[in-house]
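Visitor: Can you read through this structure? Questions will come right after.
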Amino acid sequence: MYLKLALPKGSLMAPTSVLFRRAGMELAGYDDTSRSYRPQCIGFPHLFSKVFHEKDIPIQVAIGNYDLGICGRDWAEELLAKYPSSDLVSVLGLGYGRRSLVLAASGSHQGDSTQDLAAREDRVRIATEYPNLAESVALRLRLRRFSIFPLWGSAEAYPPENSELALIAVPATTSLPRGLVSVLPVLSSNACVVAHRSSWESKDLSPLLSRLQAAFETPAEEEMSRGKTTGSGDVPPPPRGDGSILRLGLPDGHQQEPTFEFLSRAGIRVEQNPSDPCRPLSNMDGVSLKMVRPQDMPLQVANGNFDLAITGEDWLSDHLYRFPSSPVKKILRLGFGIVTVVAVVTNDVPVDTSREFAELMGRNGFATVRIASEYTNVADRYARDNHLSPYRLIPTWGASEAFLPEDADLLIENVQTGRTLARNNLKIIDTIFESSGCLIGSTVKEGDGTKLERKDRFIEALRQTIN
C-alpha cells in the first residue's frame, strides 16, 4: 500500500525523527543538516514523505494531498475553527511537542478578568498567529467589539501599545514571555497525527500507525490550569499617549542583523534589551523601538501602530497589491537584504519563460494551475498579468520550494543566489522584481511638531548613509 506523509520542520523535527527511529522506520535525510525535502523511510518502502512548515500540514492533509501528517494539535484546531466540516481527522496523539495556547495581556492588566473584557465598550484588539481560534475565543467571551490582527509571528510584542491581548503558543518548559500575564488558557497542544478523512476511511493505515503508537507511551491529556500564569517578571510598558514619541518598527529574524548594522553606520546604536527582547535599546531620545516580523510591518504602519518601519520591498508590494489605497508608502530604499522575487518551476517542465509555461498549461488541458507562495497577493497579480487561468493560490508559511512538483505547478519565491533552487531541481522562468530593505511610513501625519522633527532627523540620517 502506497501512503503519503507530511512531516514537520522546526521544533517537531528532531522528536519526530526519534519516534520513527524507535518505530523501526528511520527517516534518512530528515534532520536540520539535510537539504532535502523528501526523506526516505527505511523500513517502510511504500511511504512517500515530504517536509513542510508545520502550519501548512493541516491544509495539505485536509485537501487530500497527503494521507497523513504530523503537526501540533493547535494548528489542526486553527484550521478546524474556520472549516469545521473539512476532511481533517486527528487520529493519534503523540507524547512530545507539548505547548499551551494562552490568551495573554500586558502585566499592567494583571487584575483584568474575562468578565472585565466582556464589559468593555471600546474595541479589544487581539494579535495572533491563530486568527481563527482568536475569533472563536472572542465570540466565546462575548466581547462586544474586537479586532483580530493576523500575524506571521512575534504576537507577544504587541501588547500593550498595539493590542490589548495576544493569543500565543507557550512551550511546556517555558513561562509566558516577560511582561505578559495569562488571561485565559485556550488549548493544550501536543504533536499529533492527522489524516485525510477519505484515506482514514478507505485505506489501511494501521501498519504505520500501530508502529508509531508502539514507539511511545501515550500520556494522559492534562487539563490546563484555570489560574493566571505570570511571565518571568513584569516590565513597565513603554510610554503611551505621548504624541511626541516616534514609534519605529524593526524587523526580527534574519533581517535583524543587517538592519542593526545599517543603523550603526547611520550613527544609531541599537542593541538587544535583556529585559525585553521585543523592545531593543538605542541612543535615540524620544524613539520607541519594537521588533516584529517584516511581513507584518506594512499592515501595522497602515493601522497606525508605527510611524516608521523597516521591512522589505517584497512585503510592501504584497501589501499594496491587496490594499492599493493603503496609506503606506516607501520613503527610502536602503540597499541591504536584496533578494529577487521570481517565478519557479521544476526542471522537468520543458519551458523557459512564463509565456511558454502558460501555453503548456493550456495545451495540456490543466483544469487549474496551482500556484504556491508566501507572497499570495504578488502571486495573484502575477497569475492575472500572465493569463494563468483558471488558477488556485496555495498560501505557504515557508519552505515553499518543497511544494513543487507534487503539490503545486508554479512557485513565486524570493532568491538570493539560486543555490537552494538548484538543489531542489527547480529553475527560474521569470524575474518579477528585485527587493531591498526599505523604510516605510504613512501618508497620514500624526503627532506634534516634536515627533515630526524626530521623524525628519531619522529619515535624513538614513538618507545620508545611503548616499
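Visitor: Looking at the stretch 167-191, which of the residues that are small (Gly, Ala, Ser) and within 21 Å of residue 273 (Cα to Cα) is surrounded by the most Cβ atoms within 10 Å (Cβ to Cβ)? I'd like the intermediate steps shown before the answer.
Guide: Just the residues of the stretch 167-191 that are small (Gly, Ala, Ser), to begin with: 169, 172, 175, 179, 182, 188-189, 191.
Of the ones still in play, those that are also within 21 Å of residue 273 (Cα to Cα) are 175, 179.
Working: 175: 14, 179: 26.
By that ranking, first place goes to 179.
Visitor: Checking residue 32 against (1) at pLDDT below 95; (2) assigned to a helix (DSSP H, G or I); (3) not hydrophobic (A, V, I, L, M, F, W, C), only one condition comes out false. Which one?
Guide: Failed condition: (2).
Visitor: Here is a follow-up. Contact list please: Cβ distance under 8 Å, first residue in the stretch 382-406 and closer than 16 Å to residue 356 by Cα, second residue among the hydroxyl-bearing types (Ser, Thr, Tyr) and surrounded by 14 or more Cβ atoms within 10 Å (Cβ to Cβ), pairs at least six apart or on different chains.
Guide: Final answer for the pair search is 383/391; 386/354; 388/382.
Visitor: Would you mention how many residues in the stretch 39-54 are assigned to a loop (DSSP other than H, G, I, E, B) and within 18 Å of residue 71 (Cβ to Cβ)? Before you say what the answer is, go through the steps one by one.
Guide: Here is the first cut: in the stretch 39-54, the residues assigned to a loop (DSSP other than H, G, I, E, B) are 39, 42-46, 53.
With the extra rule that they be within 18 Å of residue 71 (Cβ to Cβ), the set shrinks to 39, 53.
Residues in the stretch 39-54 being assigned to a loop (DSSP other than H, G, I, E, B) and within 18 Å of residue 71 (Cβ to Cβ): 2 in total.
Visitor: Right, next: Please go through the stretch 177-196 and pick out each residue that is in contact with a helix residue (DSSP H, G or I) (Cβ under 8 Å, 6 or more places away or on another chain) and farther than 25 Å from residue 70 by Cα.
Guide: 177, 179, 180, 181, 183, 184, listed by residue number.
Visitor: Pairs needed: first member in the stretch 235-251, closer than 10 Å to residue 450 by Cβ; second member anywhere, at pLDDT below 60 and in a loop (DSSP other than H, G, I, E, B); C-beta distance under 9 Å; at least 6 residues apart or different chains.
Guide: Note: pairs meeting the criteria are 245/238; 245/239.
Visitor: Criterion first (touching a helix residue (DSSP H, G or I) at 6+ places or on another chain (Cβ under 8 Å), not in a loop (DSSP other than H, G, I, E, B) and not polar (S, T, N, Q)) does residue 289 satisfy it? First the steps, then the outcome.
Guide: Working: touching a helix residue (DSSP H, G or I) at 6+ places or on another chain (Cβ under 8 Å): no; not in a loop (DSSP other than H, G, I, E, B): yes; not polar (S, T, N, Q): yes.
Taking the combined requirement at face value, the residue does not satisfy it.
Visitor: Then there is this: Residue 293 passes all but one of (1) touching a Ser or Thr at 6+ places or on another chain (Cβ under 8 Å); (2) outside the structural domain of residue 270 (by TED's automatic domain parsing); (3) not β-branched (Val, Ile, Thr); which number fails?
Guide: Checking residue 293 against (1) touching a Ser or Thr at 6+ places or on another chain (Cβ under 8 Å); (2) outside the structural domain of residue 270 (by TED's automatic domain parsing); (3) not β-branched (Val, Ile, Thr), the one that fails is (2).
The values are calculated or read from the model by the stated rules, or taken from the named source; none is laboratory data. Computed from a prediction, not measured in an experiment: that's the story for all the values here. Don't worry about glycine lacking a Cβ; one is built from the backbone with ideal geometry, like all the others, and counts go over all protein chains shown.
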